[in-house]
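> Starting off with a structure, shown below.
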Amino acid sequence: MNREELINSHYWEHKTLEEMSDDEWELLCDGCGHCCLTKLIDEDTDELIYTNVACNLLDLESCSCSNYMNRHTFEPDCIKLDAHLARTLPWLPPTCAYRRIAEHKPLPFWHPLLAGDKRKMNRYAKSVKGKVVHERNRGEWEEHIVVWKL
């Protein structure tokens, strides 16, 4: 199946994450960029702290990785999301398509697979576009702690 046929088939409605092909898996990502942000753990409380500091490879305009195929070479801490992690990572946003499918929930109406592109997602402020800085430009961590409204 080509890309258009995959999208028109709404494969995410009848396949589990484990059943998806590599192409289906990649198409499922909405490209919000939240995975590419640094999260901190408070040493005293073990609380998860969100920041607006993005990986240096994140294209801040498109919210896509600028070197996706080689990202682990340049960013060794970059995770490879899989079905198990989609079910267990506490920091995946509730809007994340992988998390939603893992939880047997539908994709949000603004998801690019349903809307046709990222414009609706950006209009509803579901991506990190315009909200983040690169790691190399961050300054002090305290200046970058955020609470995301998703």
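All of the numbers you see were taken from the coordinates with simple rules; none came from a lab. All of these numbers come straight from a predicted model, not from anything done at the bench. Heads up, the Cβs are rebuilt from the backbone with ideal geometry, glycines too, and the neighbour counts pull from every protein chain shown.
> State the extension gain, in nm to one decimal, for the chain segment bounded by Glu142 and Cys29, taking 0.36 nm per residue of separation less the distance between their alpha-carbons.
On the way: separation 113, 0.36 × 113 = 40.68 nm, distance 2.96 nm.
Taking Glu142 through Cys29 to full extension adds about 37.7 nm, to one decimal.
> Magnitude of the Cβ-charge dipole of segment 1-72, K/R +1 and D/E -1, about the Cα centre, nearest 20 debye? Numbers along the way, then the final one.
Details: 4 positive and 17 negative charges, 55 e Å.
Rounded to the nearest 20 debye, it is 260 debye.
> Given a cut-off of under 8 Å on Cα pairs at least six residues apart, what relative contact order in percent is computed for the chain? Mind dumping the intermediate values first?
Details: 170 pairs, mean separation 46.2, N = 150.
Relative contact order for the chain comes out at 31 percent.
> Assign unit charges at the C-beta atoms only (+1 for Lys and Arg, -1 for Asp and Glu), then state the dipole size of the chain relative to its Cα centre in Debye, rounded to the nearest 20.
Values: 19 positive and 26 negative charges, 144 e Å.
In total the dipole reaches around 680 debye.
> Can I ask one more? Compute the signed sum of charges (Lys and Arg +1, Asp and Glu -1) over the other residues within less than 12 Å, Cβ to Cβ, of Lys149.
Numbers: positive: Lys126, Lys131; negative: none.
Taking every Cβ under 12 Å from that of Lys149, the sum is +2.
> Turning to a different aspect of this structure: Can you spot the lysines whose alpha carbon is less than 28 Å from Lys149's alpha carbon? Ignore those fewer than 8 places along the same chain.
Result set, ordered by chain and number: Lys39, Lys80, Lys105, Lys118, Lys120, Lys126, Lys129, Lys131.
> Please give the FRET efficiency for Leu89 paired with Leu114, using the beta carbon to beta carbon distance and R0 = 22 Å, rounded to the nearest 0.05. List each step's numbers first, then the result.
Working: r = 24 Å, r/R0 = 1.07.
Efficiency computed from Cβ-Cβ geometry: 0.40.
> Still on this structure: Let me make sure I get this right: for the chain, a, b and c are the square roots of the gyration tensor eigenvalues over alpha carbons, sorted descending. Under 1.5 in a/c it's rounded, otherwise prolate if a/b > b/c, else oblate. Which is it?
Working: a/c = 1.71, a/b = 1.59, b/c = 1.07.
Prolate, since a/c reaches 1.5 and a/b exceeds b/c.
> Also, quick follow-up: Give the residue list of trypsin sites (Lys or Arg not before Pro) in segment 59-149 that are DSSP loop and have at most 12 other beta-carbon atoms within 10 angstrom.
Details: sites: Arg71, Lys80, Arg87, Arg99, Arg100, Lys118, Arg119, Lys120, Arg123, Lys126, Lys129, Lys131, Arg136, Arg138, Lys149; in loops: Lys80, Lys118, Lys126, Lys129, Lys131, Arg138, Lys149.
Those that pass, being in a loop and sparsely packed, are Lys80, Lys149.
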